[in-house]
Amino acid sequence: MNAISTGRVFASPLARRIAAQRGLDIAQVTGSGPGGRVVKLDVENAIPPLPKAGEVSRPHPKEAGMTEGSLPAATAPAPKAAESAAAPGPDARLYFTKEAYTEIPHDSMRKSIAKRLTASKRDIPHYYLQIDCELDALMKLRADLNAKAPKDGPAAFKLSVNDFIVKACALALIRVPEVNSSWTETALLRHKHADVGVAVALDFGLITPIVAKAEGKGLADISREVKDLADRAKAKKLKPSEFEGGTFAISNLGMFGIKDFTAVINPPHAAILAVGAGEQRPVVKNGAVAQATIMTVRLSCDHRVFDGATGARWLQAFKGFIEDPLTMML
Amino acid sequence: MTQSFDTIVIGGGPGGYVAAIRCTQLGLKTAVIERENMGGICLNWGCIPTKALLRSSEIWHLLHRLKEFGFEADNPRFNFGAIIQRSRKVAAQLSNGVKFLMKKHKVTVIDGEAKFSAPGQLTVTHKGATAQATAKSIIIATGARARELPHLKADGTLIWTYREAMVAEALPKRLLVIGSGAIGIEFASFYRTLGSEVTVVEVMDRVLPVEDEEISQLAAKAFIKQGMTLMLGASVEALEPKGQTVSARIKLKDGKIENQEFDRAILAIGITGNTETLALDKAGIKTDRGHIVINEWCETGVPGHYAIGDVAGAPWLAHKAMHEGVLAAERIAGVKGLHPMDVSKIPGCTYCWPQVASVGLTEAKAKAAGHKVKVGRFPFIGNGKAIALGDSEGLVKTVFDADTGELLGAHMIGAEVTELIQGYGIARTLEATEADLMATIFPHPTLSEMMHEAVLDAYGKALHI
Ligand SMILES: Cc1cc2nc3c(=O)[nH]c(=O)nc-3n(C[C@H](O)[C@H](O)[C@H](O)COP(=O)(O)OP(=O)(O)OC[C@H]3O[C@@H](n4cnc5c(N)ncnc54)[C@H](O)[C@@H]3O)c2cc1C
């Protein structure tokens, strides 16, 4: 037992064991059981649980292998995640005959996605803000820069719209730092750097590798880094440190023609940006209908961390960078 | 005339009468409205009378084994009518007991059928007369009745629900039981032991489908050995009474149709809540598929209005109804430090032969919930008391969380397991780990030693196997 708790603590054996396993001083936990007894639920509520049942003795979540799943492990949000990732309601098998389906057992990535995103949707008060951005200036700058790019060798690059979005997000996060934060039960963590996760779809799931300190990186560097991370993600070669944590994430489904969608926040992030397709749409400018390339983005925000006006300021900053991309170079 | 109370409980079953007692203990002026018999289904038409019947069939079973124990008797016979009569007497005795409890705890009992006229306001109809009753809080505990389907309807003579099956006039020769949940299997067991040819049809691919799969398999093996016919993965498509028999069209697992004749059929395909005559819409209370919708505190969403027991959904068990009754009463009285209903702590028992009992998660459910598990097993054949009793078939199975040592679930089949399961229930409530269970000294020789061994086995330490 923990050296700190020398006085008699009224706690269940299971609560004591879980507290000891997770290095928690049980004397510090308020009990909700009969007569103030500390029960399992109290201990679980007092500590951020480990990423996955079955990994309890692991010293630090950062050691998690990639098979742990894509989402950040360090601060998985909710205690009962394992239970609640299980389907609410009766087992779906009850509705179908065995011949009518093939059963695909969950791999650890599927379990991890189910567990963490269920917890996120349940525990995070999400709200959503949407804005349209004109891409014409950005497309032109991108074409100009790509034309000047060396085609071979280590300095070669080919910028995508997404690379600009990563950069614009990073700068907006520095400009509106309230968004660049993490929720904890006792305090907000305001991050000093913008570590931007980029969701990458895999055949077998989804992973969010991170461009660390993206605010200080040039577009060509970001472009090369994102490409490298995505390639290695697909080959299952990422190190945990390359996909765990991060301060923000981007999910881009524009290449599938998705115009507008809502994404689920991955803690420890406080927000995620859902990026739709850039497409030519009629716009009204100075009273006349004109044509412009428009991209709709939607920010999912954790209301515990920042409120609507802050989210709106962030989107304004982001839109400013995207629509006047030279300002990103300043 | 309008009577007013702090709390009115509608329905005097185990949920309702327990809620009422707890309310008066907490100082609330309380009434129970009951339209039929105090004690509800449980005492009059459920738990208690069936257990009385099963006791008789158990004795009959033992009479066939007299020689094994060194006795001789010629020609044992039974009087079916007397068996039924005993069961009714037991029910009546307990129903009177509940009336006495109501008096003792100063609960006002109002005879009649209650119906909402508005939130907190009820109209009570009794023998054609109506009266009004109002309360600050209302607990709905109106219970449930056998479920019927458009193609499966009871007729009260050839096609029975549990009500008729419990007061049959004679032993049917060929009996069809539709549904292999606790109710279906208990009747199947009772009638089979007394000599009926029993066929059980179950849509799922195993009997007692809510139990751990291993237990279902062992139960099926025992039932088949006793001479029951089990048709699993099969469904009854049509039931047609024909004079003195019932003809059943059964769709088998492979899709083939089979027509069979029976003397009687029992519908045991679940139950449906008694919600229709309550005029719940007048109070704004919602139902879903025949049951009142509640949260984990038994709250309906309409302030001051609670629902408990069978009318509020599965598991349909008397002890769940009673626990909810206490919870709702304490919630109304503002008792501090309450814990919400935790379904995983409700034990389930089936009093067939062999008995089945369980609490918590099955092995499959524990794994599906993401637990790494340690599973322990101990067979009755390894237990001295079981052999001395002459009941050496059965199994005790435990499921632990491999990391924390939490007892996630326990599953048993065999003699007297319904009396044993509470030990694991206490362990779960107290949050004992495997270490505490291992450190407990179990008396020898008892069946309970198997509970110890099944814990030890999960950690590779079983002694007698
Ligand atoms: C054959 C059988 C065997 C069973 N065996 C077991 C067992 O072994 N163990 C176990 O735990 N459970 C068993 N059960 C289930 C158990 O009986 C129920 O779970 C339990 O009775 C539910 O209690 P309740 O208080 O919710 O409702 P009920 O017991 O159904 O009581 C409801 C009461 O409300 C009254 N009522 C209904 N509507 C109104 C109204 N509008 N106004 C006034 N009164 C009204 C009814 O007359 C009834 O008395 C068995 C059930 C059956 C059918």
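The values are calculated or read from the model by the stated rules, or taken from the named source; none is laboratory data. Everything numeric in this text was worked out from a predicted model, so none of it was measured. All Cβ positions, even for glycine, are placed from backbone atoms using ideal geometry, and neighbour counts span all protein chains on display. Side chains are part of the model used for accessible areas, which takes the heavy atoms of the whole protein and leaves out ligands, DNA and RNA. Shrake-Rupley method; radii C 1.70, N 1.55, O 1.52, S 1.80 Å.
Please give the residues from segment B:398-421 for which the solvent-accessible area of heavy atoms, probe 1.4 Å, is smaller by at least 50 Å² with all protein chains in place than with the chain isolated. Correct list: B:D403, B:T404, B:E406. Here the Kirkwood formula, the inverse mean of 1/r across different C-alpha pairs, assigns segment B:283-373 a hydrodynamic radius of 14.9 Å. Across all Cα pairs in the protein assembly as shown, the calculated P(r) in 20 Å bins from zero up to the longest distance comes to 13, 36, 32, 15, 3, 0 percent per bin.
Taken along its principal axes, the alpha carbon cloud of chain B reaches lengths of 67, 61, 47 Å, longest axis first.
Spherically averaged projected area of the convex hull of Cα atoms, segment B:411-465: 3.9 nm². Pairs with C-alpha atoms separated by more than 18 Å, drawn from the list B:K51/B:K103; B:K374/B:K461; B:K29/B:K104, are B:K51/B:K103.
The Rg/Rh ratio of chain A, with both radii computed over alpha carbons and Rh defined as the Kirkwood radius, is 1.04. Compare the Cα positions of A:S241, A:L173, A:N146 along the charge dipole of segment A:113-329 (+1 at Cβ of Lys, Arg; -1 at Cβ of Asp, Glu; about the Cα centre) and return the one farthest towards the positive end. Comparing the listed Cα positions along the dipole, A:S241 ranks first. Taken about its Cα centre, the protein assembly as shown carries a charge dipole of roughly 780 debye when the Cβ of each Lys and Arg holds +1 and the Cβ of each Asp and Glu holds -1. Dipole check for chain B: with +1 at the C-beta of Lys and Arg, -1 at the C-beta of Asp and Glu, and the Cα centre as origin, the magnitude is about 1140 Debye.
Projecting the Cα atoms of B:P209, A:A114, B:A366 onto the dipole axis of the protein assembly as shown, where Lys and Arg carry +1 and Asp and Glu carry -1 at the beta carbon, places A:A114 farthest toward the positive end.
Spin-label model, B:K136/A:K98: points 7 Å from Cα along the beta carbon direction are separated by 5.7 nm. Solvent-accessible area per residue in the protein assembly as shown equals 47 Å², computed with a 1.4 angstrom probe and all protein chains kept. The contact between chain A and chain B removes approximately 1500 Å² from the accessible area (both sides summed; 1.4 Å probe; ligands, DNA and RNA excluded).
Note: relative contact order over chain A, using C-alpha pairs below 8 Å and six or more positions apart, is 19 percent. Computed in the context of the full set of protein chains, the accessible area of segment A:167-313 at 1.4 Å probe radius has 55% of its extent on carbon or sulfur. Give me the angle, in degrees from 0 to 90, between the Cα long axis of helix A:161-175 and the longest principal axis of the Cα atoms of chain A, rounded to the nearest 10. Helix A:161-175 sits at roughly 60 degrees to that axis. A simple charge model with +1 on the Cβ of Lys and Arg, -1 on the Cβ of Asp and Glu and nothing else charged puts the dipole of chain A at about 520 debye relative to its Cα centre.
In chain B, what percent of the accessible surface is made up of carbon and sulfur (1.4 Å probe, ligands and nucleic acids excluded)? It is 55 percent, rounded to a whole number. Of all lysines in the structure, the ones whose alpha carbon falls short of 23 Å from that of B:K253, not counting any fewer than 8 places away in one chain, are A:K98, B:K153, B:K221, B:K225.
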